[in-house]
Amino acid sequence: MDLEHAKTILNHLYADVDGYTISAQARKKLSYEDKAHTYGEITPDAFYKILQDVEPMEGEKFYDLGSGTGKAVILAHLLFDFANCRGIEILEELNNTAQTVLARFILEYRQTLPEKKQTLLISFIHGDIMNENFLDGDVFFTHATCFYDELWVRMIGRLEYLKKGARVIVVTRTLDSPSFQLVRRAEYSLSWGQATVNSYVKIV
Ligand SMILES: C[S@@+](CC[C@H](N)C(=O)[O-])C[C@H]1O[C@@H](n2cnc3c(N)ncnc32)[C@H](O)[C@@H]1O
């Protein structure tokens, strides 16, 4: 699907969704503060280019690690032919919102899409990216700007187990590991401002 069509669908699905407010309210209810829960979103134009850079292939599996209200997952599904697009999000309220948007997408749009697209899967998991299994993925996105050092080091430890050829797109942070090769570093405009986006391929 072309970007303009995808944006029209996304704008409609998210017209009444404010991820910043949902995240702030969810965090207030927690007994602890976690900098990694800081909210921010992709923008469709930037995300399209970011994904194009890693050349997604038909049938591959996409994961958004820390998926918020699910915009990146829905867009990845609309713009490319991933067999499966999954989001993993730790804050229950954000994940519930993603589930509600997905239900609306299925009800209002899925039957209007080409038959082949209708067979491709989308799902949202409420969980911690440190515990969930995502090793079957091919293309990963993580908006890791506020993932503090200790969390990020543990995260790199988990990414070491990905399959050779997997691509990992990281906002702001760098994936410093001999198992990964940088394929592109570029600046993109995201919901909160200009961000450096680093894309890697797993080489061993
Ligand atoms: C900057 S937001 C990105 C949202 C979405 N990926 C996007 O780019 O539009 C980062 C998200 O990661 C989530 N997060 C932080 N730590 C996490 C963890 N350990 N497991 C799962 N999600 C986490 C936060 O709650 C937040 O929704």
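Observations on the model:
- The range 72-83, residues that are in contact with a Phe, Trp or Tyr (Cβ under 7 Å, 6 or more places away or on another chain) and either polar (S, T, N, Q) or assigned to a loop (DSSP other than H, G, I, E, B) (or both): Phe82
- Restricting the first member to the range 42-63 and to residues that are closer than 19 Å to Phe124 by Cβ, and the second to residues that are among the β-branched types (Val, Ile, Thr) and part of a strand (DSSP E or B), the beta-carbon pairs closer than 8 Å and six or more apart or on different chains are Leu51/Val139; Leu51/Ile169; Glu60/Val139; Lys61/Val139; Phe62/Val139; Tyr63/Ile88; Tyr63/Val139.
- Selection from the range 135-149 of residues that are surrounded by fewer than 20 Cβ atoms within 10 Å (Cβ to Cβ) and either not acidic (Asp, Glu) or not in a loop (DSSP other than H, G, I, E, B) (or both): Leu135, Thr145, Cys146, Tyr148, Asp149
- Flag for Ser191 being within 13 Å of the ligand (Cβ to nearest atom) and either more than 18 Å from the chain's Cα centre (by Cα) or at pLDDT 95 or above (or both): yes
- Qualifying residue in the range 180-189 (condition: out of contact with any strand residue (DSSP E or B) (no Cβ under 7 Å at 6 or more places or on another chain) and part of a strand (DSSP E or B)): yes
- For the range 150-171, the candidate set comprises residues that are assigned to a loop (DSSP other than H, G, I, E, B) and without any contact (Cβ under 8 Å) to a residue 40 or more places away in the chain; within that set, the residue that is farthest from the ligand (Cβ to nearest atom) is Gly165.
- Sole residue being under 19 Å from Tyr20 (Cβ atoms) and either more than 10 Å from the ligand (Cβ to nearest atom) or of a type in the set (Asp, Glu) (or both), chosen from Glu89, Glu58, Glu108: Glu89
The values are calculated or read from the model by the stated rules, or taken from the named source; none is laboratory data. Here the structure is a predicted model, which is why all the values come from computation and not from measurement. With ideal geometry, Cβ positions are generated from the backbone for all residues, glycine too; neighbour counts draw on all protein chains shown.
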